[in-house]
Amino acid sequence: MILTGIGNENAKAFSHLFGGLDYKNFTLCVGAIEEDRAAGAAFFSEMGDSLFLDYIYVLPEFRRRGIATALLEETIEALKGLDLVALHVNYPEKADDIHQFIEARGFRIFRDGKAFWVKARDLIDSQAAKKLLSGKPRHRISEVSALTALEKKALKKSLKQNELDPKIVDDRSYDKELSLVTIDKKSGMPAGMVLCRLNEDTIVLSYLVNFSNDPVMLLNILIALKDRVVEKGLADFDLIFLTMTDDMVRLPEKLLRSKELLKEDGNVISGIRMFTKQWADIE
């Protein structure tokens, strides 16, 4: 087996492993070659002094050969000396393969909330959503990547005040067109945010935050997100809500007002593996 970085010169050879993701949106992309074939790939994003494992995939016929382990472990080994503190990952617990893999790789596991699954089209076509998400946003909507320096600074401050990691704003693995901020027209500052990832035929809604007491701010984002999903032709994708707080756990059901459409998909798992010796002392 040979590991190699994935870049412009060899991306085409590995593209069948990408699951619809654009490798250019990630900080580090590593591929595995087995029997002269592109057999596996892993994508990582930088988050301040940490790394995030966004995606790892091995072709079924090459599994159980240690390829996924090599993609992870040899990447970690190669990054030693770069002052990185930790490697993070999150996923629905019912994803059995990744759950078993992550548990076996020395990650400390946390159950941070629940995952909910719904067909995007079912949500868009539901009577509740049609009433709730009709019309146009009343406040300006901006892509996170298009915020001014002042707006981004204010967004990070609001995230920190809500005990969320402000570094997530700089994570390039989130889909640019589906990761949005609503700007309060009075203050000119961010009032709410949604961050989404695209993975194969799935939209993962990782963060949905309202920084104000005004529910209109949340509706602004959801209306804009619905419009973007339709415009991009993603209505037939699955939609997964990763809910990290009690309020977020209740949000999908409030949106749909239907327990038949909404399927609970188990706990959300967050994993962290520290690169420092101090972590071993704690364990």
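The values are calculated or read from the model by the stated rules, or taken from the named source; none is laboratory data. Source: prediction; values computed, not measured. Counting neighbours? That spans all protein chains shown, and the Cβs are built from the backbone with ideal geometry, glycine included.
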*Answer residue from region 80-127, given it is under 21 Å from ILE67 (Cβ atoms) and of a type in the set (Asp, Glu) and is surrounded by the fewest Cβ atoms within 10 Å (Cβ to Cβ) among those*: ASP96
*Please give the number of the condition LYS156 fails out of (1) assigned to a loop (DSSP other than H, G, I, E, B); (2) touching a helix residue (DSSP H, G or I) at 6+ places or on another chain (Cβ under 7 Å).*
(1)
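When residues of region 153-170 are filtered for being more than 19 Å from the chain's Cα centre (by Cα) and over 11 Å from MET189 (Cβ atoms), how many remain? Write out each step before concluding.
Taking region 153-170 first, the residues more than 19 Å from the chain's Cα centre (by Cα) are 153-154, 157-158, 161.
Now drop any that are not over 11 Å from MET189 (Cβ atoms), which leaves 161.
Matching residues across region 153-170 total 1.
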*asked:* Please go through region 153-179 and give me each residue that is touching a residue at least 40 places away in the same chain (Cβ under 8 Å) and hydrophobic (A, V, I, L, M, F, W, C), ordered by number.
replied: LEU159, LEU164, ILE168, LEU178
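Conditions tested, residue by residue: (1) farther than 15 Å from SER134 by Cβ; (2) touching a residue at least 40 places away in the same chain (Cβ under 8 Å); (3) polar (S, T, N, Q).
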site	(1), (2), (3)
ILE203	yes, yes, no
ASP214	yes, no, no
ILE223	no, yes, no
VAL230	no, yes, no
ASP238	yes, yes, no
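Being part of a helix (DSSP H, G or I) and in contact (Cβ under 8 Å) with a residue 40 or more places away in the chain is the filter; apply it to region 128-152 and report the residue that is nearest to ALA68 (Cα to Cα). Lay out the reasoning, then the answer.
Kept after step one, since they are part of a helix (DSSP H, G or I), are these residues of region 128-152: 128-132, 144-146, 149-152.
With the extra rule that they be in contact (Cβ under 8 Å) with a residue 40 or more places away in the chain, the set shrinks to 128-129, 132, 144.
Values: ALA128: 43, ALA129: 40, LEU132: 43, VAL144: 32 Å.
For region 128-152, the residue satisfying everything is VAL144.
Find the strands (runs of 3 or more DSSP E) located wholly in region 24-117 whose residues include 1 or more that are small (Gly, Ala, Ser) and either farther than 26 Å from ASP175 by Cβ or in contact with a Pro (Cβ under 9 Å, 6 or more places away or on another chain) (or both), and list them.
Numbers: elements: 28-34, 37-47, 50-58, 86-92.
In region 24-117, the matching strands (runs of 3 or more DSSP E) lie at 37-47.
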_Complete set of residues in region 156-195 that are surrounded by 16 or more Cβ atoms within 10 Å (Cβ to Cβ), more than 23 Å from ASP227 (Cα to Cα) and either polar (S, T, N, Q) or modelled with pLDDT of 90 or more (or both)_ = LYS156, SER158
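Okay, residues lined up against (1) among the charged types (D, E, K, R); (2) closer than 23 Å to ASP22 by Cα:
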position: LYS80; (1), (2): yes, no
position: LEU84; (1), (2): no, no
position: TYR91; (1), (2): no, yes
position: GLY106; (1), (2): no, no
position: LYS114; (1), (2): yes, no
position: TRP117; (1), (2): no, no
position: LYS131; (1), (2): yes, no
position: LYS160; (1), (2): yes, no
position: LEU164; (1), (2): no, no
*Consider only pairs whose beta carbons are under 9 Å apart and that are at least six residues apart or on different chains; among these, list those whose first residue lies in region 1-13 and is within 16 Å of ILE76 (Cα to Cα) and whose second residue is modelled with pLDDT under 95 and of a type in the set (D, E, K, R).*
LEU3/GLU74
